[in-house]
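Working notes for the structure below.
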Amino acid sequence: MICGAHFLCLEFHLLPLVCKLNVSLLPFSAQSCARSCGEKFNTCSCHATCESLKDCCADYKLFCLDIEPHSGSLLGGTDFKILNATFDVFHRFNSEILTEGYVDENGVGHCITPLLYESGWIPFEMSTDGVNYDRSGRWLSVHHSKLSPFYKIIFANATQWQYYGTPNVSGDLKMIWIPSLIKAERVNIELWGYNETGEAYSANWEAEWKYLYTVGRDVPNNGVFSFTPQIAEHSYSLWDLGSMRVSPSTKPDGARDVNALWSGAHAIAWHLEEAFRKDSAGWALEKCINWDKEEKAMPNFLTEITDCPCTLAQARADTGRFHTDYGCDIEAGSLCIYHPGAVHCVRAIQGSPEYGAGQQCCYDSTGAQVLTGDSIGGSTPDRGHDWGEPPYKKPPRVPGFSHWKYDVISFYYCCLWSDNCKYYFTHRPSSDCRTYRPPRAAAVLGDPHFITFDGVTFTFNGKGEYSLLHSSDYELSVQGRTEPMKFENGTVAMATRLSSVAMREKDSDVIEVRLRDQVDELQVLMNQQVLSFSEQKWIDLKGVFVFSPKPTDVTVMFPSGTGVEVRAGGGVMTLTILLPHDLQNHTQGLLGTMNDEPEDDFTSSNGVIIPLNSSAQDIFTYCAGWAIRNETSLFTYDSTHLLNEYYYAPKHDPSFIPNFSVTEDPEDPLLEPTLNLCAGEGASFCKYDALSMRSLEQGNATLLAYRSHTSTKKALEPVQSCGWLSPPNHGWKEGTLYLEGATVTFSCNSGYRLYGSQERTCQAGGKWSGQDTNHSNMSKETSLVKLTSLLIRQSCRQTESAAVIQTDLDVLALVNS
C-alpha cells in the first residue's frame, strides 16, 4: 500500500487501544524491540530507560512508539501521529471498534482514537497485516471536563443552551471550535445522546452513546456554527442528555470513531418535546417525581460515603482525600453556578467502596460548609462519581457521564427547570462533618530536616536511599533519596538534600518524583518512564492519581487516602505526607510511628528505640539504619551517575560524614543577617541551612517551607461539629454555622409559639445546648413517648388558650417525673 492510502484501526475490547504494525527492518538474528517494549536484553534494551542510558536496541523507536498528541477526550476522535517512524502500510486497532487511520504525504502514520468509557493510560499495539502485532505505545484517555477548552466544542452562551425552551429563553444557539483539529474543509454537526440501560447494579447495566440526528450538514469548517433549535421527532426528544459532535462531512451520519470534536455533556433542553416548551416547570416536575421513585428503588449509597471536612481550610489541606471541583474553584474564579453562595467546592477523590459513589463539599466566604438544609447551593453527594471510579467502563462508574445521568440531569428536573428541590435534596442531602477526622502531616524540608507525624524534629544529612514511611498492613511505601548539596562555586558541601521520592501502595503503579537539572523543576516517572504534564495536569493511573499544575508542584493520591505533596523551591525538594487516621499505629520509617507518642519516633528498623535527646551522631546512626536495599528499592537508575552512586554503591554512604552543627562565629559577616532572618518557629533549621550553605536564600527557603508546614498542620486541626439544626415549622432560624462555639437562634411566625430552646450553642463535646431535638431518654409507653416527642421537639405551634398550654406543660412534667 502506498503512502497516503487510508487504513483501518480497530480497538481492543478491554483496556488497550490496539493499533498493530509489523515491518521487518532488522535481520532476525539481531535483538529487536518487536513485541518486546519494556524488556532488557544482554546486548541492548527496549526499556524506557534505554535512551538516557544510551543502550537502546537499534529499532527501539520503530517499535516502542511515541505519539503526538499523547492525550485526548475519552469520547474519542483525536487524530494522533506516530513520531520517529514512517509507514507505507495499513494500521488497524484489533478487535471490535473500527476507527479510521491514514498515512500523510510525509509517510507519517496517524490513528483516530475510539470512544472509550474509561480514563487513564490505555496501551495500544500496531500491525500491518492484522496478524503480527509487534509495535506498541500508550494513549492517555482524559475525562472530558478535565480536557483543555482548546480541544472541545465550546457553547457561546452555556446558560442559553441549558435553559432553552424555558420562559424567556429562545433564539439562535452558537458553538465554536478550533478548525485545525478537524482534518476537513467541511463538517457535519451532530447530536449524540447518552443513556445507561439495564437493571441498576447488575451485570447487564450498560452505558450507551447513540447518534440521534444531524443538526448541520456539510457546513464550512470555520470554527463557528449557529442554528435555531427545532423540537425533535418524538423518539429523539425523549433524550435529554447528550453532546454535540463536529466531524468531517465526508463521513456517514453517526459514523463512530472518526476524527471529531465533542462538546461536554449538557441538558438538551433545546430539542425537548412541545410539552416542555408549553410548560417547562410542569414537565420538569413530572420528570422529577419519576426520578424520585427510581431513586427510592435503588440502593442507598449515602451510608458509605466519607464525611466532608468541617472547614474550607481543612478541605484545601486534605489533598490526599479531596481535590478541587473544577466547577467551583476559588483560585480559578469560578462562578459556582450550581452552588450559589459557595466560593469553593471539593470532591472526594476516591469513590465509595461498594457503589463507587462520590462526595462533594462546598464552602462559603467565611470557610463554613454550605448545606442543602440551608441553601440550594449546598454541596451534594453523587450516585455517580463525577470523575468515575475504577474499573470504569460500566455504570455508574463511567467518568463524567454516569454523574450527569444520576445526579445532574435530575438537578435540572427538580431545581433548575422547576422549583422542587425538596425531592432532590431528599436523596442528595449534604453531609456534615461530625465523623470527619483530618489527616496527620509529616515533612522533609531544607537540607534535609525531618518533622515526624507526632511532631518530633531532627536533621539527617546522610547520603543514600532510605525508607521514609512504610506500612506493611496497608502495603504503603515512600522512599527518599538524598544527594550532597553544592556551593555556588560547584564544590560539594557537607550537607545533603532530598533529591527524589518514590512511592507505591499495594499493586499500584510506582511513582517517582525527582529534581530535574533545571532549577526548581520536578520530573515525574511512572514505572521508570517519564510522565509528561504538558497536555494534562491530572493523570489517572493504576491505583494512584497524580496532579501537577506546574513544574514545581506534584501531588500523589492513593486509595487509602494518603497524599504525598512534593514541592521544588530554593534549590531543594520539600516533601509533605498526609496520612488518614486509619494508619494510626501502622507506620514506621524515618517519619516515625504515628501514634500520638513522640517518645517512640526514633524506633529503628529492628525495633530498638533511642531517646529523643540523643546526640546528633547517634541520630545519624539511627537514620542510617533505615537505608533500603536494592531488592526493595522503588527508584529508577537511568544514568551512569545514579547507577554508580546508588545502585552499585552502599544504600547509605558511610564515607559521607556531614557537619552535625554549625558555628555561630561573631566574626562571620553572614551571622547578623542570618539571625535577623531566622526568627520564630523554624529558626534553628533556617540558621543551619543559611550558615552551612553560606546562603541567606537557602535559609529563607527552609524557613518558608517550615512555616508552610506549620500552616498545614494548623489548617488540619480537628474541629468539633454538633451537626445541622433544622428551623422550626412555621418559623425560622438565624445561624448556619454548626461548629463548636456557634450559636443558632429560633423564632416563630406571627401567631405561633416556640416549643424548645430559643437559642442553642454547639458545645465542646459535640452536643447542642438546650433541649435535645433528636432523642428522648424516657422509657414510657409508645403513645406517651410520641406525645412527648411532639411537645418537646423544636417547633412553632399556634397560640392556644392558657388552659391548653397548661395541659401540655402538665404532660411534660408527668413524663419527666
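When residue 54 is tested against (1) among the basic types (Lys, Arg); (2) modelled with pLDDT of 50 or more; (3) touching a strand residue (DSSP E or B) at 6+ places or on another chain (Cβ under 7 Å), just one condition goes unmet, and that condition is (3). Evaluation of residue 363 against the conditions (1) within 20 Å of the chain's Cα centre (by Cα); (2) closer than 26 Å to residue 717 by Cβ; (3) touching a residue at least 60 places away in the same chain (Cβ under 8 Å) shows that the sole unmet condition is (3). If you go through the stretch 123-135 and keep only what is at pLDDT 85 or above, within 30 Å of residue 179 (Cα to Cα) and buried (at least 22 other Cβ atoms within 10 Å of the Cβ), you end up with just 124. Among the residues making up the stretch 238-274, those that are aliphatic (A, V, I, L, M) and either modelled with pLDDT of 95 or more or buried (at least 16 other Cβ atoms within 10 Å of the Cβ) (or both) are 241, 244, 246, 255, 258, 260, 261, 265, 267, 268, 269, 272. Residue count for the stretch 340-371 satisfying the condition of being open to solvent by less than 20 Å² (accessible area, probe 1.4 Å) and either more than 27 Å from residue 725 (Cβ to Cβ) or not in a strand (DSSP E or B) (or both): 10. Looking only at residues that are open to solvent by 40 Å² or more (accessible area, probe 1.4 Å) and in contact with an Asp or Glu (Cβ under 7 Å, 6 or more places away or on another chain) in the stretch 599-622, which one is nearest to residue 459 (Cα to Cα)? Ranking the qualifying residues of the stretch 599-622, first place goes to 612. Farther than 17 Å from residue 689 by Cα, touching a Ser or Thr at 6+ places or on another chain (Cβ under 7 Å) and either of a type in the set (Phe, Trp, Tyr) or outside any strand (DSSP E or B) (or both): is that true of residue 518 in this structure? The answer is no for residue 518.
Listed here are the residues, each with its yes/no results for (1) surrounded by 14 or more Cβ atoms within 10 Å (Cβ to Cβ); (2) of a type in the set (Val, Ile, Thr); (3) under 30 Å from residue 506 (Cβ atoms).
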| residue | (1), (2), (3) |
| --- | --- |
| 589 | yes, no, yes |
| 593 | yes, yes, yes |
| 624 | yes, no, yes |
| 641 | no, no, no |
| 651 | yes, no, yes |
| 688 | yes, no, no |
| 699 | yes, no, no |
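Just checking, does the stretch 293-302 include any residue being modelled with pLDDT of 95 or more, surrounded by 14 or more Cβ atoms within 10 Å (Cβ to Cβ) and on the phi > 0 side of the Ramachandran plot? No, the stretch 293-302 contains no residue that is modelled with pLDDT of 95 or more, surrounded by 14 or more Cβ atoms within 10 Å (Cβ to Cβ) and on the phi > 0 side of the Ramachandran plot. The condition (being over 27 Å from the mean Cα position of the chain (by Cα), touching a residue at least 12 places away in the same chain (Cβ under 8 Å), open to solvent by 20 Å² or more (accessible area, probe 1.4 Å) and more than 25 Å from residue 347 (Cβ to Cβ)) is satisfied by just one residue among 447, 419: 419.
Condition check ((1) assigned to a strand (DSSP E or B); (2) out of contact with any helix residue (DSSP H, G or I) (no Cβ under 8 Å at 6 or more places or on another chain)) across all residues:
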{"site": "466", "(1), (2)": "yes, no"}
{"site": "469", "(1), (2)": "yes, yes"}
{"site": "488", "(1), (2)": "no, yes"}
{"site": "501", "(1), (2)": "yes, yes"}
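Within the stretch 249-264, the set of residues being under 18 Å from residue 146 (Cα atoms) and either without any contact (Cβ under 8 Å) to a residue 12 or more places away in the chain or touching a Gly at 6+ places or on another chain (Cβ under 6 Å) (or both) comprises 260 only.
Need at least 2 residues that are touching a Cys at 6+ places or on another chain (Cβ under 8 Å) per element, so show me which helices (runs of 4 or more DSSP H) inside the stretch 197-299 make the cut, counting only ones lying wholly within it. Even if it seems obvious, please write down each step before you answer.
Working: elements: 234-237, 274-278, 280-297.
The qualifying helices (runs of 4 or more DSSP H) are 280-297.
Selection of first residues in the stretch 743-765 that are in contact (Cβ under 8 Å) with a residue 12 or more places away in the chain and closer than 17 Å to residue 797 by Cα and of second residues that are surrounded by 14 or more Cβ atoms within 10 Å (Cβ to Cβ) and aromatic (Phe, Trp, Tyr), restricted to Cβ pairs under 7 Å at least 6 apart or on distinct chains, gives the following pairs, ordered by first then second residue: 754/746; 758/746.
Scanning the stretch 180-215 for residues that are in contact (Cβ under 8 Å) with a residue 24 or more places away in the chain, closer than 18 Å to residue 356 by Cα and open to solvent by 60 Å² or more (accessible area, probe 1.4 Å) yields 201, 206. Looking only at residues in the stretch 721-767 that are assigned to a strand (DSSP E or B), in contact with a Leu (Cβ under 9 Å, 6 or more places away or on another chain) and under 20 Å from residue 433 (Cα atoms), the one that is most open to solvent (accessible area, probe 1.4 Å) is 743.
The values are calculated or read from the model by the stated rules, or taken from the named source; none is laboratory data. Quick caveat, the model's predicted, so the values are computed rather than measured. No Cβ is skipped: glycine too gets one built from the backbone with ideal geometry, and neighbour counts run over all protein chains shown. Heads up: the accessible areas ignore ligands, DNA and RNA and are worked out on the full protein's heavy atoms, side chains in. Shrake-Rupley method; radii C 1.70, N 1.55, O 1.52, S 1.80 Å.
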